Every structure is written in structure tokens, then in C-alpha cells.
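These notes are about the structure you will find just below.
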Amino acid sequence: MSFKINTLFSKDIAIMPENYRKIVLASNNAGKIREINNLLNQQKFQVLPQKDFTKEEAIEDGLSFVENAIKKARFACKASGLPAIADDSGIEVDALNGAPGIYSARFAGESATDQENLEKLLTDLKGIEDKNRTARFQCVMVFMRHANDPTPIICQGSWEGRILKTPQGNNGFGYDPIFFVPEDNCSSAELSADRKNELSHRGKALKLMTTALSRIF
């Protein structure tokens, strides 16, 4: 993991101290917003959801997590006139040559639900032995000061595990119920929110991001 320098808040905390800096989170994914908000709530940032400024979303036509994260951050900056954080994340499965990768959120189709994506992955891995079901979550997180920022901060985190044959647990979202976490001998969906933040790809990327932001502000 390394960083390169070159949340929806509920209504009861909408009024923030003046020394809090406003940042737009370039996502309308409720699960992702909740996770990032949990990780940032100790920092002096007021995180605003992108939907407060626009109903549109960035076109994610990049060929890598980095490209898509930058596209999303730039779009959020343009829509809000504020600095923005965006992440692009997904799961890579070795037996599928890294798929679904950047297409994780739409693996089963453009309008696919989390359950449909999960079921497609299990179908594609049918008959694959446990030892060959290795996988990892990847997250690239980008911070841009403005839409024309030539030196965005880029942080990356990964989380190693393997794909289970049946879902386990009710926490988390996306592929969490079928992602086995060796450190805790359970699925990601069976972890507490705090424990997941310690281990997850997004947690690792955001910790690097907060360190980088503290140096700037």
C-alpha cells in the first residue's frame, strides 16, 4: 500500500463546526457511503453525498480502478464546486483471470443487484476447489481539490481472501457474504463494522488518505 501526492451524514449532524472542511463523496452507494463515513467521522471533515448536488453520475468507462476513481472525483468536483473523494473498488478472482475486477458492480448486467452479482460469481466458480478460489478486494481512492487538479492524491488498499461456496452472514454489502477472511475464519459479512474497517481494502486506502490529507491541511 502506498499513497501518491503529484457518507452520508444524517440530519442530526448536518450543522458542523466552522473548522470542518466540506468534501463531497462521489458515490450514491448506501453501503459504501456508510463505510466511508464511519471511517472519517473522527476526522475534521464534513462529508456530503454527491446526490446533494446532482442526480447524475459519472460515466465509468475507464479501463482501471485508477481511471474510474479519477473520473468520479472530477465529476463530483464539477457538480459541487468542492473538493471530492472518490473510490473505485471491486473483487479480483484468480480462477477467473481477475474478473469481475472493475466490472464488479455490474458483473451480472448494468442494472444488476448485489445478489445477482454474487450469484453469477458463484455460478462461474461452480466446481472450483477451495484452494483455487483465491481472491482479493481492491480499492483505489482519489482526492481532488478541484475539477482541474493536476496532482490528485491516489491511495490503494487490498484485502486477500477466497470465495466461499455459499453465502454466510448478514452484514456488509456486495460480495461480503461470500468473501472468506482467513484472519477471522469467517466471511466479511460476519465481521463487525469496526473489525471490517481494520482489515478491509477500503479501510486501508482511507487510512492512507487521511494521513495524506493531514499533511495538506
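Note on the chain: helix-only mean residue ellipticity at 222 nm, from DSSP H runs of 4+ residues weighted -39500 (n - 2.57) and normalised by residue number, equals -9000 deg cm²/dmol.
Taking other Cβ atoms within 10 Å as a rough exposure proxy, Cys186, Cys139 sort from fewest to most as Cys186, Cys139.
Most exposed first by the Cβ proxy, i.e. fewest other Cβ within 10 Å, how do Asp87, Asp194 rank? Display every interim value, and only then the final one.
Numbers: Asp87 28, Asp194 9.
With the fewest neighbours first, Asp87, Asp194 line up as Asp194, Asp87.
When Rg and Dmax are taken over the Cα atoms of segment 3-216, they come to 17.1, 57 Å. Seen from a random direction on average, the alpha-carbon convex hull of segment 56-175 projects onto 8.1 square nanometres. With Cα atoms defining each centre, segment 190-217 and segment 67-92 are spaced 17 Å apart in the structure.
For segment 117-163, applying the loop criterion from DSSP together with a ceiling of 12 other beta carbons within 10 Å to the trypsin sites (Lys or Arg not before Pro) yields Lys126. With the charge dipole of the chain set up from +1 on Lys and Arg Cβ and -1 on Asp and Glu Cβ about the Cα centre, the Cα lying farthest toward the positive end among the listed residues Leu118, Ile59, Ile178 is that of Ile59.
Taken together, the values in this text are just the output of simple stated rules run on the coordinates, not laboratory data. Bear in mind the structure is a predicted one, so any value in this text is a computation, not a measurement. Neighbour counts run over all protein chains shown; Cβ positions are idealised from the backbone, glycine included.
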